[in-house]
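For reference, the structure is listed below as C-alpha cells.
The values are calculated or read from the model by the stated rules, or taken from the named source; none is laboratory data. All of these numbers come straight from a predicted model, not from anything done at the bench. Because the Cβ atoms are built from the backbone with ideal geometry, glycine has one as well, and the counts that use them run over all protein chains shown. Calculation scope for accessible area: heavy atoms of the full protein, side chains included, ligands and nucleic acids excluded. Shrake-Rupley method; radii C 1.70, N 1.55, O 1.52, S 1.80 Å.
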Amino acid sequence: MTMRRLHVLLIASASLTASLSIAQTPPAPTPGQPRPGGGIGFAKTVPQIASGAWNGARLADGQPDIAGHWSNTIANHSNWTDPQGGAPGEKPRGPERPRDQRAPSRVSDPADGQVPYLPAARALQEDFAKNFANPTKPQYIEPLARCAPGGVPKSFIWHGYEIRQYPGYLVFLFNSGTRIIRLDGKPHLPANIKLWNADSRGHWEGNTLVVDVSNNNAKALFGRTGDFASENVHIVERYIFDNDGKRYNYVATFEDPTVYSRPWTATIPARRYTEADPAGGEWHYEANVANRPGKPLLHERMERMCVENNGPFGGGAVGVPLTDPIIDR
Amino acid sequence: MMRASMPWKSAGGILLAGIAAVALNGATSDARSPSGKSQNPDQAQTHPLAQIPRLASGKPDFSGIWQTLSEADYDLEPHSGRRDAPPSAGIVEGGQIPYLPKALAQKQHNFAARAKDDPRLKCWSLGVPRSVYYPAPFQIFQRDRDLTLVHQLGNQVRTIHTNETQHPESVESNFWLGDSRGHWEGDTLVVDVTDNNDETWLDRAGNYHSEDLHVVERWTFVDKDTIAYTATLDDKSVFSRPWTIHVLLNRRRDKNFELIEDYCYTLPYDEYYPHKGGK
C-alpha cells in the first residue's frame, strides 16, 4: 500500500538500482515510432516563438488562458547541456547518435552551450558529475532522487506538470513540488528566507509571462550533471506562449556573480497535453480519465506523492531517516 | 425562506450553537438574495452572510488562506492539558470517538507511541480531514471546476472536483489525500472523500482510521472571513458508527500574509546541497 504512484521516480539514477526495484523504467524511444503523447518527447530542435501580442483565449481577469497540462519536448534532467546525451557515467537512452544529431544544449546563451562557471564552481559541477554514478558521499546523490522539490529550473524538465490559473496567481503543480506565482505586484519575501522553489513574482506582457525569481535555496541541482546556482542567484523567467496555445518556450536568464562569470540564458521548449493524448502514466502526461459516464472524455491530474511512497529511495548510502521524527512541531 | 445550505444541520452539539443560530437567521431573512429583495435592507447589507465572496457563477468563493485556531490537531477528543497538548473540550460531536473495542486498543497504543509514530513528525501528508485542521495555513484556489488546496506543510495538494465527476470506479491503490468529489447544496460545499489509504492519523493523540475511511465534509461560510467545517467519518473497520467533528477555519489576515513553502521532509539532507559536505 505504501508503493503507490511510483512513477514519480520513473527516471531514476542507474546508480541507485538497489532501490529501484520499486520503480519502473519507461520504454526507450523506438526510432521511427511515434512516442506516446504525440511523438515529440525527444524532439531534436527548439521551435521559435516570438514575444508579442496574445490573440488567444483569455480568462475573466484578463490573463491569457494557458491553464492545462504541459511537458518539455526534448528529454529529462539526465544532462543539462546535452539533454539527449545521457546522465554522466551512463549511456544515453535509445540509440547513440553524434552530438549534432541530438537536441541542442539548454544553454542558449552563450553560444557555446556551456554554463559560464567561474573555475571553482566548474570544479564543483564536474566533481558531482564524476561521482554521480557511484555516490560515495551524500552530496553526490541527486536531491530529486530523495524526493526534494525539482525547483527552478529543473521542474520544467522533470515529468509533465499542470498549470492552474486564478485572479492574481498561477499555480504550477509539478511532479515533485508545487510553485505559486504571484501576480499581485507585491515585493519578494525577506531575503534570508530561502526556498526550494524560490519566490516568484510575475506579470504578463502580451503572450509572455515574466517572472522575477529570488529567495532560491539553490539546493535543487539542474540535473544529474550537477549544474547549479548559489542562493545568490537571480533568475528572470520568460514563458513565451505560442498563440495557437499548443507550445511555449521557457527562456530564463541566470545571474549569480558568485558562481558564473556572466549572466546566461536557458531555453526549454514545452508542449501542451490534452484529451487528444493518451492518459495513464506516460511520464510527460500523468493524468487519469475522469469518471463521468455519457459525457465527453475528460482528463484529470493524478495525486503526486514521493517521500511518503518511496521511503529511502536514493538515500540508502546515507540513511534518510524514515522512521524517526525529523520535526518536533 | 429556508435554503438547502443550512449550516450545521446535522450538528446536535452545543459547541457552535450560537454561530449556527446566526447563520440560520441569515438564511431565514434571505439576506443573501442577490435580488436584494430583503424586507430589511439595512440588515441585508450588514449581515455577515451578505458579504461573503462569490465566484461569477454565484457559488461561494473560498479562495484565500485559512487556518484553524482550534486545538483539534492535538487531540480531537476532550482532554486536560498535558506536556504536549493544551487543554481542549474537543471537536467531536458528543465527545468521544466511537471506536470498536479492538480499534480502541490500537488507538491507545498509538497514543503511547505518539512522540515517535505520528506521521506528521516525518512531514508526511496528513490526509483528510487532518490536513484541514492541522495548525498551519493552507491556501484554497478555486475555479468552477475544482478547488485546489495547497497546504503549507510538506507537499500536500488536494483537488476537490466540483465538475460533476464521480469517484474512480477502481484505483490501483488508495490515495494519501483521498479522492474528493464535491457538490453544492445551496451555499454549502459538500465533499465526498473516498479511496483514502491507512497511513495517516487523525491527530497527535493517535486517533486513526483504516482504508475503509469515508469522509463527508461540509464547507460553509459563517462570515466572509470564517468557514464552518464539518466532517463526518465512517469506517466500519475502526468505528462502531459514523461520527462528526466541527471546527472553524479563519482567514489569515495578517498584513501581507502569504504561504511559505515548508518541505520539511528535506531537512535531514538539505545541508548537502549544492555540492556541500554538510556539517
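Listed values, structure above:
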item	result
Amide H contacts of residue B:225 (H built 1.01 Å from N, under 5 Å, at least 5 apart or other chain)	none
Derived scalar couplings ³J(HN,Hα) [region A:264-279; Karplus, 6.51 cos²θ - 1.76 cosθ + 1.60; whole Hz; x for Gly, Pro]	9, 10, 10, 10, 10, x, 9, 10, 8, 10, 9, 4, 6, 9, x, 9
For B:112-123, mean number of other protein chain Cβ atoms within 10 Å	3
Between A and B, accessible area buried - total, square angstrom, nearest 100, 1.4 angstrom probe	5500 Å²
Whole-number accessible area per residue in Å² for region B:120-278, which is evaluated in the context of all protein chains at 1.4 Å	30 Å²
Cβ neighbours within 10 Å from other chains - mean over A:120-126	1
For residues of A:213-222, the mean tally of beta carbons on other chains within 10 Å	3
Listed residue (A:276, A:174, A:203) projecting farthest to the positive dipole end of region A:157-280, Cβ model	A:174
Dipole moment magnitude, nearest 20 debye, region B:206-254 about Cα centre, only Lys, Arg, Asp, Glu C-beta charged	220 debye
Check: region B:123-215 dipole with +1 on Lys, Arg Cβ and -1 on Asp, Glu Cβ, in debye	480 debye
Listed pairs A:194/B:122; A:130/A:154; A:186/A:219; A:91/A:194; A:295/B:236; A:295/B:224 exceeding 29 Å between Cα atoms	A:91/A:194; A:295/B:236; A:295/B:224
DSSP-loop GluC sites (Glu not before Pro) across region B:144-193, with at most 15 other Cβ within 10 angstrom	B:164, B:169, B:172
Highest average packing first - A:51-57, B:64-70, A:134-140, Cβ atoms within 10 Å	B:64-70, A:134-140, A:51-57
Antiparallel bridge percentage (DSSP; both residues within region A:175-247; nearest 5)	80 percent
Distant-in-sequence amide H partners of residue A:287 (H built 1.01 Å from N, under 5 Å)	A:280, A:281
In order through region A:246-252: 3J(HN,Hα) via Karplus (6.51 cos²θ - 1.76 cosθ + 1.60), integer Hz, x for Gly, Pro	9, 9, 8, 10, 9, 10, 10
Karplus-derived HN-Hα couplings along region A:46-63 (A = 6.51, B = -1.76, C = 1.60, θ = phi - 60°), whole Hz, x at Gly and Pro	10, x, 8, 10, 8, 5, x, 6, 9, 10, x, 5, 10, 7, 4, 8, x, 4
About the Cα centre, charge dipole magnitude for region A:113-229 (Lys/Arg +1, Asp/Glu -1 at Cβ), debye	260 debye
Highest-first arrangement of A:193-199, B:104-110, where packing means the average Cβ count within 10 Å	A:193-199, B:104-110
For residue A:299, distant residues with modelled amide H under 5 Å away	A:290
